[in-house]
1. Hey, among the residues in the stretch 170-182 that are surrounded by fewer than 18 Cβ atoms within 10 Å (Cβ to Cβ) and hydrophobic (A, V, I, L, M, F, W, C), which one's modelled with the highest pLDDT?
2. Of the residues in the stretch 73-116, how many are under 17 Å from L149 (Cα atoms) and of a type in the set (A, V, I, L, M, F, W, C)?
3. Based on what the data block shows, is R147 at pLDDT 85 or above and touching a Pro at 6+ places or on another chain (Cβ under 6 Å)?
4. Can you name the residue in the stretch 255-292 that is more than 19 Å from I245 (Cα to Cα) and in contact with an Asp or Glu (Cβ under 9 Å, 6 or more places away or on another chain) and, of all such residues, is surrounded by the fewest Cβ atoms within 10 Å (Cβ to Cβ)?
5. From the set of residues in the stretch 70-105 that are under 18 Å from I286 (Cβ atoms) and in contact with a helix residue (DSSP H, G or I) (Cβ under 7 Å, 6 or more places away or on another chain), which is surrounded by the most Cβ atoms within 10 Å (Cβ to Cβ)?
6. Are any of the residues in the stretch 232-242 in a helix (DSSP H, G or I), β-branched (V, I, T) and over 30 Å from D49 (Cβ atoms)?
7. Please verify whether the stretch 183-203 includes one or more residues that are modelled with pLDDT under 65, out of contact with any strand residue (DSSP E or B) (no Cβ under 6 Å at 6 or more places or on another chain) and over 23 Å from C74 (Cβ atoms).
8. If I go through the stretch 229-253 residue by residue, how many of them are modelled with pLDDT of 90 or more and closer than 30 Å to D289 by Cβ?
Amino acid sequence: MRQRIMLLFISVFLLILTGCQYRAGNVVSPHEYPQKQRVHNFDYSRYEDEVISLRIHEITSLPGGEIFLGGSYCNQANTIHTALLVSQNGGQTWKDAGIKVYGCGVMNFQTFGLSHVWAISTYLQEGCHGPVSLLYSTDAGQSWSARSLDFIGQDQGLDWVQQFQFFDQFHGLLIITGSTGPSRIYITSDGGKTWEKIMTSRNYSADDFEIESSFPDYSRQNINNAALWMKSTDDYYKISGWIRIRKTDSYNDPYIVIESKELDSREWKPISQIPRYYKIEKDILIPVDSGK
């Protein structure tokens, strides 16, 4: 009995010391956006005379050979909408998933198993508070759904996704932080359909978390690589190589080059290229040769 009382005292003391408030049972059931709202309702009319550039923020992969690129389409001044590109053949050909969220980019990929992939769609620059959404696919990127994460309360200040992680197809973690107000920690146990706020931290800021953050005006200089896989015996997969976006010091290159290398090789070889610049024709992005 004395030991239990001592443990309870220590727990209460630590909660007071860290300034955390645990709120049990605060479950948020966000509205699920029909995919058509994200695909067809984007107005390109004000961008018809401009050159639009594609910027890639992240890359990830699944063992079956599916590769995913997350980024945004931009003009010279602003982020226009999200870019989510999918390859079903190891990066040889690409297709845009068609999810267009104004002022936002796709980042923070998470994958599990052979078919589950998640990403965060969030605004990329101050003053452009687009809706924050969870994008997810349960069929290896063949179809996508978008679920609102507006419950994180961006209207309270400049908030952004500090950490996003899935541990299996059901359980995930989401940490929201910002320049004003406390950080909030959410968990899900149903693949992201609902989120429960488990902690609000008053005393910690973004700099206290030892993880990479994705926030407005942040330009990721070193785009990460993604694994290429091969099937071995007994339905197991092992890494056979790597795939990446070729680094470039100039945006004058009209193409984004995708390259790969085998696991035991030092040579990166180009396998495909994606147009970098576009113009608008009849609400369709048409590739052009330069950004001028």
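The values are calculated or read from the model by the stated rules, or taken from the named source; none is laboratory data. Fair warning: this is a prediction, and the values are worked out from it, not measured in the lab. We place every Cβ from the backbone using ideal geometry, glycine too, and count neighbours over all the protein chains shown.
1. F170
2. Of the residues in that region, 6 qualify.
3. Yes, satisfied.
4. E281
5. Here the answer is I80.
6. yes
7. Yes, some residue in the stretch 183-203 is modelled with pLDDT under 65, out of contact with any strand residue (DSSP E or B) (no Cβ under 6 Å at 6 or more places or on another chain) and over 23 Å from C74 (Cβ atoms).
8. Total meeting the criteria: 4.
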